[in-house]
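Here is the structure we will look at.
The values are calculated or read from the model by the stated rules, or taken from the named source; none is laboratory data. Note that the structure is predicted; figures quoted are calculated from it, not measured. Glycine also receives a Cβ, built like all others from the backbone with ideal geometry; neighbour counts cover every protein chain displayed.
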Amino acid sequence: MKLDSVMMGEFVSRLAIKPTANVLTLDAINEDILNRLRNIYAGSLEGQPLFAVNTRRPWFGFPFTGLLITDKGFAFKTVKNSFFSSLMPLRGGIATLPQAEVRSFQIGQHDHCFGTAYVGHECIVNGEVVGLIRMGNGIEYDETAIETVNALASFLFERGQLNKAPVPFRWQ
């Protein structure tokens, strides 16, 4: 995958991204948010941030999850995809990949955790579920954020930057 600010600008203007507090691109990632991301990703932040999912800490008791794409790499922070994650959300940790190693990514199925509380959606990178990312900080998930992440993956696939198009999922 190769994504830079020019291609990201084309994506933003072409798709006319609907505003959402959970997905930020390019100039919307100001210095305050950039400092917050540096603290969250603990040094994994290299290069110019182009796309960020979740830039705020979540409600009390739930660990931060998110996705960050820079002009140099791809970072994500997840919780483990487990039936018991709603009771005890175990951190999946921070993973960072150089852009060249990212062959596909998308937001997948809604969690299948115990209970009715929303925990997150599958984060799928290179065809593998790497954990759950909470798509929003409220009780319900942010459908626009999910659509935006998957639209970016489709956009990059169409440009030959990814090897696999995202698979459409029907949300619950």
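Please find, within region 124-157, the residue that is surrounded by the most Cβ atoms within 10 Å (Cβ to Cβ) out of those that are part of a loop (DSSP other than H, G, I, E, B) and in contact with a Lys or Arg (Cβ under 9 Å, 6 or more places away or on another chain). Don't jump to the end; show me each part of the working.
Filtering region 124-157 for residues part of a loop (DSSP other than H, G, I, E, B) gives 126-127, 134-142.
Adding the requirement that they be in contact with a Lys or Arg (Cβ under 9 Å, 6 or more places away or on another chain) leaves 126-127, 137, 141.
Details: Asn126: 14, Gly127: 12, Asn137: 16, Tyr141: 23.
Among residues in region 124-157 that are part of a loop (DSSP other than H, G, I, E, B) and in contact with a Lys or Arg (Cβ under 9 Å, 6 or more places away or on another chain), the one surrounded by the most Cβ atoms within 10 Å (Cβ to Cβ) is Tyr141.
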Hey, Gly92 touching a Lys or Arg at 6+ places or on another chain (Cβ under 9 Å), modelled with pLDDT of 85 or more, part of a strand (DSSP E or B) and more than 18 Å from Asn163 (Cβ to Cβ) or not
no
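Per-residue answers, yes or no, for (1) at pLDDT below 85; (2) small (Gly, Ala, Ser):
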{"site": "His112", "(1), (2)": "yes, no"}
{"site": "Asp142", "(1), (2)": "yes, no"}
{"site": "Glu147", "(1), (2)": "no, no"}
{"site": "Ala165", "(1), (2)": "no, yes"}
Scanning region 4-27 for residues that are among the aliphatic types (A, V, I, L, M) and at pLDDT 85 or above, which turns out surrounded by the most Cβ atoms within 10 Å (Cβ to Cβ)?
Val23
Every pair of residues 6+ apart whose Cβ atoms lie under 8 Å, when the first sits in region 98-112 and is touching a residue at least 60 places away in the same chain (Cβ under 8 Å) and farther than 21 Å from Asn81 by Cα while the second is outside any strand (DSSP E or B) and of a type in the set (A, V, I, L, M, F, W, C):
Gln99/Met1; Gln99/Leu3; Ala100/Met1; Arg103/Met1; Arg103/Leu162
Would you confirm, using the coordinates I've provided, whether Val119 is β-branched (Val, Ile, Thr), crowded, with 21+ Cβ neighbours inside 10 Å, over 15 Å from Leu68 (Cα atoms) and modelled with pLDDT under 70?
yes
Region 35-86, subset in a strand (DSSP E or B) and farther than 26 Å from Glu10 by Cα, residue modelled with the lowest pLDDT
Val79
